[in-house]
Amino acid sequence: MSLAEVPDDADGLVDAFLTRITSAAAQVIAGVDYASITAWRDAGYTTVAASSDLVRAVDDAQHVEASGPCVQAEQTAAPVRVPDIPAAMMSWPRFHEQATKLGLQASVSVPLFAGGGAVVGVLNLYARESSALIPLSAGVRDVFAAERIPAGGFGVDGSAGTLQFLNGLGLALQLRVTIQRAVGMLMADSGCDAVQAHRMLRARAAAAGNSLSTAALLVIDEMGPDPGTDVRVTVGPLVGDVVSVAVSGELTRPVDAAVAGRLARVLEELALVVEWDLSGLRFCDVAGLRLLLDLRQRAVAGGRQMRVVAASDSVRTLMLFTETAALFGYPPAPESTADGDPLG
C-alpha cells in the first residue's frame, strides 16, 4: 500500500507513512541534509516528523507566522522551491533567520496526498549547498506538471536515490489522478458530493477486497467512454523457439479492446518463448501491467515462457514498485541486450 491509497481520516496510518517518507528522503536523496514533514493538525501547523531536531526550528518559524515555503505548498497543493535561502529575507523573514542559522542554502517543499486527494503533509527537503537540489527541483516540477512519471523522462540527471524518489512521487500522483477521476464519475452518476463519492469508492474497495486504486480503475472501466489507442504492437519473425514482440505508445486504463486482442494473439504464435521489448512504452499504468500479467498467466498455462527483455523507465518503475519484475524475468541475464537494471 502507498500513501496515495490510505484514507485521509486514518490519522495514525497517514502519520506512519509520513514518518517513513521523511526518514527515507533524508537517507536516499542526494544533497538533502535535513527532511521534515509539515501538516495541518487541529487548528494549526505542526511538524509530524523530522530527520533531526535541528530542523524543527526552521519549520516552527514558518508555522508561527503561517508563512513560508512549507505553508505555501500546503495551501496551494503545489511544490515550492527556494533555490537561494539567503535571498528570501524579505519574503519570509523568520524562515530566513532560522534557516541561515542552520547554514541552509536551498529547500524544496513537496505536497503529499492520501486517498482523499487533499494535502495531508508537506515534505520539506533542506540542503547546505545551493546547487545540491537542482536535479530534485527540476524533477519535482516535471512530475507535478505531468501528474505522473514524465513520458520523456526527467530533464536533469540525478542520483539513483533522487530518481527513486521522483519515480515514487510520479506513481503516487498517477494513483491520485485515477482515484479522483473515479470519484468524479461517481459524483456525476449518483448526484452526490465528493465526500460521499469517496465514501462510495472506499465501500466498493472494501466489499471486493481491493485496493482503492483498483476499485477506482474498475469504476473508470465501468463508466468511462470508449478510448482511442496509441499503442503499436510489432511481432518479429520466429527465430528457433523464440518470437520477439515490441510494444510502443501508452498502455493505460482503460485498455482498448483492439490492443488487448492484438497482444493476446501473440500467444497464438508457434513459439515456446515470447520476449517482450517494452522500451517503447512511454507510459504504462497498473491496468496495462495487469493485462501483461494476464497474458503471462495464459502463456504459463500453455507451457510457454513470457519474459521482458527491455523496458522503459515507466515500466521499470512500475514493476519495481509492484514487485512483479521477477515474474517477467526482468532484468534479463547479463548476456541479454536489454537496457539495464531497474532502480533500487
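The values are calculated or read from the model by the stated rules, or taken from the named source; none is laboratory data. The model shown is predicted, which means the values in this text are computed figures rather than measured ones. For neighbour counting, all protein chains shown are included, and Cβ atoms are generated from backbone atoms with ideal geometry for every residue, glycine included. Side chains are part of the model used for accessible areas, which takes the heavy atoms of the whole protein and leaves out ligands, DNA and RNA. Shrake-Rupley method; radii C 1.70, N 1.55, O 1.52, S 1.80 Å.
Return the only residue of Val247, Val243, Val259, Val274 being of a type in the set (A, V, I, L, M, F, W, C), in a helix (DSSP H, G or I) and in contact with a strand residue (DSSP E or B) (Cβ under 9 Å, 6 or more places away or on another chain). Can you show your working first?
Working: Val247 fails: in a helix (DSSP H, G or I); Val243 fails: in a helix (DSSP H, G or I); Val274 fails: in a helix (DSSP H, G or I).
The conditions single out Val259.
Just to check your reading of the model, which residue among Ala73, Ala78, Ala35, Ala26 is part of a strand (DSSP E or B) and either at pLDDT below 95 or within 19 Å of Ala106 (Cα to Cα) (or both)? Steps first, please.
Values: Ala73 fails: part of a strand (DSSP E or B); Ala78 fails: part of a strand (DSSP E or B); Ala26 fails: part of a strand (DSSP E or B).
Unique residue meeting the criteria: Ala35.
With the checklist (1) farther than 30 Å from Ala216 by Cα; (2) without any contact (Cβ under 8 Å) to a residue 60 or more places away in the chain; (3) surrounded by fewer than 22 Cβ atoms within 10 Å (Cβ to Cβ) in hand, flag the one item Val108 doesn't pass.
(3)
Across the stretch 218-249, what is the number of residues that are under 21 Å from Leu281 (Cα atoms), modelled with pLDDT under 85 and buried (at least 16 other Cβ atoms within 10 Å of the Cβ)?
Qualifying residue count, the stretch 218-249: 1.
Give the number of residues within the stretch 126-160 that are over 25 Å from Gly115 (Cα atoms) and in a helix (DSSP H, G or I).
Here is the first cut: in the stretch 126-160, the residues over 25 Å from Gly115 (Cα atoms) are 126-135, 138, 152-160.
If we keep only those that are in a helix (DSSP H, G or I) as well, we get 134-135, 138, 160.
Looking only at that region, the number is 4.
I'm trying to understand the selection: among the residues of the stretch 247-295, which are in contact (Cβ under 8 Å) with a residue 60 or more places away in the chain and either over 19 Å from Pro331 (Cβ atoms) or of a type in the set (Val, Ile, Thr) (or both)? Lay out the reasoning, then the answer.
Narrowing the stretch 247-295 to residues in contact (Cβ under 8 Å) with a residue 60 or more places away in the chain: 250, 253, 279, 282-283, 285-287.
Passing the criteria: Glu250, Arg253, Arg282, Phe283, Asp285, Val286, Ala287.
Of all residues in the stretch 81-105, which are under 20 Å from Ile29 (Cα atoms), in a loop (DSSP other than H, G, I, E, B) and open to solvent by 10 Å² or more (accessible area, probe 1.4 Å)? Write out each step before concluding.
Of all residues in the stretch 81-105, those under 20 Å from Ile29 (Cα atoms) come to 81-85, 99, 102-105.
With the extra rule that they be in a loop (DSSP other than H, G, I, E, B), the set shrinks to 83-84, 102-105.
Of everything in the stretch 81-105, those that are under 20 Å from Ile29 (Cα atoms), in a loop (DSSP other than H, G, I, E, B) and open to solvent by 10 Å² or more (accessible area, probe 1.4 Å) turn out to be Pro83, Asp84, Leu102, Gly103, Gln105.
Hey, any hits in the stretch 5-19 for a residue that's of a type in the set (Ser, Thr, Tyr) and within 20 Å of the chain's Cα centre (by Cα)?
As a first pass, look at the stretch 5-19 and keep what is of a type in the set (Ser, Thr, Tyr): 19.
Narrowing the set further to residues that are within 20 Å of the chain's Cα centre (by Cα) leaves 19.
Yes, that holds for at least one residue.
Going through the stretch 196-209 one residue at a time, which ones are exposed (fewer than 11 other Cβ atoms within 10 Å of the Cβ) and assigned to a helix (DSSP H, G or I)? Spell out how you get there, then give the answer.
Looking only at the stretch 196-209, we keep the residues that are exposed (fewer than 11 other Cβ atoms within 10 Å of the Cβ), and these are 207, 209.
Hit for the stretch 196-209 is Ala207, nothing else.
When only residues in the stretch 250-276 that are among the charged types (D, E, K, R) and at pLDDT 80 or above count, which is nearest to Ser314 (Cα to Cα)? Walk me through how you get there before you give the answer.
Initially, the stretch 250-276 is screened for residues among the charged types (D, E, K, R), giving 250, 253, 256, 262, 265, 268-269, 275.
When the remaining residues are screened for being at pLDDT 80 or above, the result is 250, 262, 265, 275.
Details: Glu250: 10, Arg262: 22, Arg265: 24, Glu275: 18 Å.
The selected residue is Glu250.
Residue-by-condition table, conditions (1) touching a Lys or Arg at 6+ places or on another chain (Cβ under 6 Å); (2) in contact (Cβ under 8 Å) with a residue 12 or more places away in the chain:
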residue	(1), (2)
Ser51	no, yes
Ala57	no, yes
Glu65	yes, yes
Pro69	no, yes
Gln75	no, no
Ala78	no, yes
Arg81	no, yes
Pro86	no, yes
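I'd like the full set of residues that are small (Gly, Ala, Ser) and within 23 Å of Ala4 (Cα to Cα), limited to the stretch 69-126.
Ala73, Ala77, Ala78, Ser109, Ala114, Gly115, Gly116, Gly117, Ala118, Gly121 - these are the residues of the stretch 69-126 that are small (Gly, Ala, Ser) and within 23 Å of Ala4 (Cα to Cα).
Kindly establish whether Glu275 is touching a Lys or Arg at 6+ places or on another chain (Cβ under 7 Å), open to solvent by less than 70 Å² (accessible area, probe 1.4 Å), over 30 Å from Arg141 (Cα atoms) and of a type in the set (Asp, Glu).
Numbers: touching a Lys or Arg at 6+ places or on another chain (Cβ under 7 Å): yes; open to solvent by less than 70 Å² (accessible area, probe 1.4 Å): yes; over 30 Å from Arg141 (Cα atoms): yes; of a type in the set (Asp, Glu): yes.
Yes; evaluated as a whole, the condition is true for this residue.
Considering each residue of the stretch 296-314, count those that are touching a residue at least 24 places away in the same chain (Cβ under 8 Å) and not in a loop (DSSP other than H, G, I, E, B), and give that number.
So the first thing to find is which residues in the stretch 296-314 are touching a residue at least 24 places away in the same chain (Cβ under 8 Å), and the list is 296, 298-299, 302-314.
Filter again for not in a loop (DSSP other than H, G, I, E, B), leaving 296, 298-299, 305-311, 313-314.
Residues that pass the stated criteria total 12.
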